[in-house]
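FYI, it's all coordinate maths here, none of it is from the lab. Given the structure is predicted, the values throughout are model-derived calculations rather than measurements. Ideal geometry is used to build each Cβ from the backbone, glycine not excepted, and the neighbour counts take in all protein chains shown.
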Ligand SMILES: Nc1ncnc2c1ncn2[C@@H]1O[C@H](COP(=O)(O)OP(=O)(O)OP(=O)(O)O)[C@@H](O)[C@H]1O
């Protein structure tokens, strides 16, 4: 672990994050390598499968019987108008919400409530709609924090710098340098994350999620709030990530134009229900999708204008 000269708050949070994640790692086996699809009866098991997921908050139905299967190596977008249930869905998959009904299958394991403490060990990483970086830490240290669950030496061993802790320190630094180079962040790796342009910070968050080589990467609005140029650049990085690491990617995104170009398949939610699920071309010309986005059905309207 790198305890750098920075604000005490960030260093403390970093230390605690390391400790918690190391504990979680000791409880579970290391994450399965990315792009290694399990087989059941000779057929590939979807990396992620939702079976009849329902969730409500008081009288509000956020999700209503959602089924979804995401194949290994796929880029799958979840789109829908405001309040459609997209974030709730991602929160169910990452264990932040417990669904009222339904099951989440991650690889060969099936959960009524995904255990957040085992998420990394299950090979799942996520980013958040609002950046969750340590703004007072350099980019490199931010990225290293994404590797902590792979480390098995406890906090005390790290402080005492035992051989195991030193080996893991070197391993996490090498993995971080690797992903930093992959995402073209070399020039800023020693700069404080908080001082970087927003689009670059989004890329740092992607690097941190990617450093432990998750099998499934959940991206919550990865392109929100960035300029048009940064959007194209980030979309290319997401696509390259899948191509280079074989990572399965599920993303929520409002920019339908970018989503259409980036995704293999798109699931569309409206009022908590899945109203369409198909290729960009299928979704683009789906009347229920057009109606959901326009709010009304227009005679003669045959394609979603992006
Ligand atoms: N923690 C919560 N407490 C109460 N209601 C919630 C909560 N989270 C979501 N909801 C409600 O559930 C519904 C779905 O919300 P959700 O945030 O999942 O939609 P969304 O598609 O992600 O919307 P947006 O695109 O605006 O982010 C909305 O009516 C929302 O108000």
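With the cut-off at 17 Å, report for the range 40-106 the share of all Cα pairs above it, as a whole percent.
42 percent
Could the peptides 252-258, 52-58 be put in order, highest first, of the mean number of other beta-carbon atoms found within 10 Å of their residues?
Peptide ranking by packing, descending: 252-258, 52-58.
Which three lengths, in whole Å and largest first, does the range 36-147 cover when its Cα atoms are put on their principal axes?
So the three principal-axis extents are 43, 43, 25 Å.
Per q in 0.22 1/Å, what log10 I(q)/I(0) does a Debye calculation on the alpha-carbon atoms of the range 153-292 return?
Normalising to I(0) and taking log10 leaves -1.35.
Once the piece of chain linking residue 51 and residue 228 is laid out straight, how much longer is it, given 0.36 nm per residue of separation minus the C-alpha distance between them?
Taking residue 51 through residue 228 to full extension adds about 60.1 nm, to one decimal.
Distance between Cα centroids, the range 225-285 to the range 67-120: provide it in whole Å.
16 Å
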